[in-house]
Amino acid sequence: MINESNFIVRISGRRENSYYIDYQGVYKITEISKVIGVEAAKIKDIYVGNGGDYDGSQDVYYFGSIDAAKSAVAQILKSTKSDHKGRIVFLTEAEIEYIRKALINENSNTIHVSNSIKDAIFKKLNS
């Protein structure tokens, strides 16, 4: 599951005025490709199209600005299939219990829960 917040643009400690893309501690194209399900060649094209400069000694692409790296991230996210994308939703214990009961009692309407819990869940899922 891909989460946009896991993409981080980091400033390089090895190259001055350079930035690279990190996805959950992974920064090599081949590794990012495996994790997010986008072909490495497609990621490479996106990086190069946004001014990414390949450093063979580190096996990483560096960008000249934060904006260029963020643009590359946005394009990568557009390239991912929607069934691979996810988002973080925080639920209270009461909300989780309600969802458990709903899944267990899927074909019966015997779940009694306050409307405020249902409303809170829908609000979180719809935002």
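When the C-alpha to C-alpha distance is required to be over 22 Å, the pairs from Lys81/Lys123; Lys78/Lys123; Lys34/Lys78 that qualify are Lys81/Lys123; Lys78/Lys123.
Net length available on complete extension from Gln58 to Asn105 is 11.6 nm, with 0.36 nm assigned per residue and the Cα-Cα distance removed.
Between the Cα long axis of helix 66-79 and the first principal axis of the chain there is an angle of about 50°, rounded to the nearest 10.
Using the average count of surrounding beta-carbon atoms within 10 Å as a protection proxy, the listed peptides 8-16, 49-57 rank, highest first, as 49-57, 8-16. Here's the list of lysines a cross-link from Lys118 could span, going by alpha-carbon distance under 25 Å and ignoring same-chain residues fewer than 8 apart: Lys85, Lys101. Between the entries [x] 1.19; [y] 1.12; [z] 1.46, the label attached to Cα Rg over 2.2 N^0.38 Å calculated for this structure is [z].
Just to confirm the number: angle between the C-alpha axis of helix 40-49 and the first principal axis of the chain, 0 to 90 degrees, nearest 10? Its long axis makes an angle of about 60 degrees. Just to confirm the number: angle between the C-alpha axis of helix 93-104 and the first principal axis of the chain, 0 to 90 degrees, nearest 10? Compared with the principal axis, the helix lies near 70 degrees. For the chain, carbon and sulfur atoms together expose 49% of the accessible surface, with a 1.4 angstrom probe and every protein chain in place.
A simple spin-label model places pseudo-atoms 7 Å from Cα toward Cβ; at Thr92 and Lys34 they are separated by 4.2 nm. Taking label positions 7 Å along the Cα-Cβ direction at both Arg14 and Thr80, the computed distance is 2.5 nm, reported to one decimal.
For region 34-119, trypsin sites (Lys or Arg not before Pro) are listed when DSSP marks them as loop and at most 16 other Cβ atoms sit within 10 Å of their Cβ; the list is Lys81, Arg87.
A Förster distance of 25 Å, applied to the separation of the beta-carbon atoms of Lys118 and Ser5, puts the FRET efficiency at 0.40. For the chain, the relative contact order works out to 24 percent when only alpha carbon pairs closer than 8 Å and six or more residues apart are counted.
The values are calculated or read from the model by the stated rules, or taken from the named source; none is laboratory data. Keep in mind that what you see is a predicted model, and the values were worked out from it rather than measured. Positions of Cβ are backbone-derived with ideal geometry, glycine not excepted, and every protein chain shown enters the neighbour counts. In case anyone asks, the SASA skips ligands and DNA or RNA and just uses the protein heavy atoms, side chains included. Shrake-Rupley method; radii C 1.70, N 1.55, O 1.52, S 1.80 Å.
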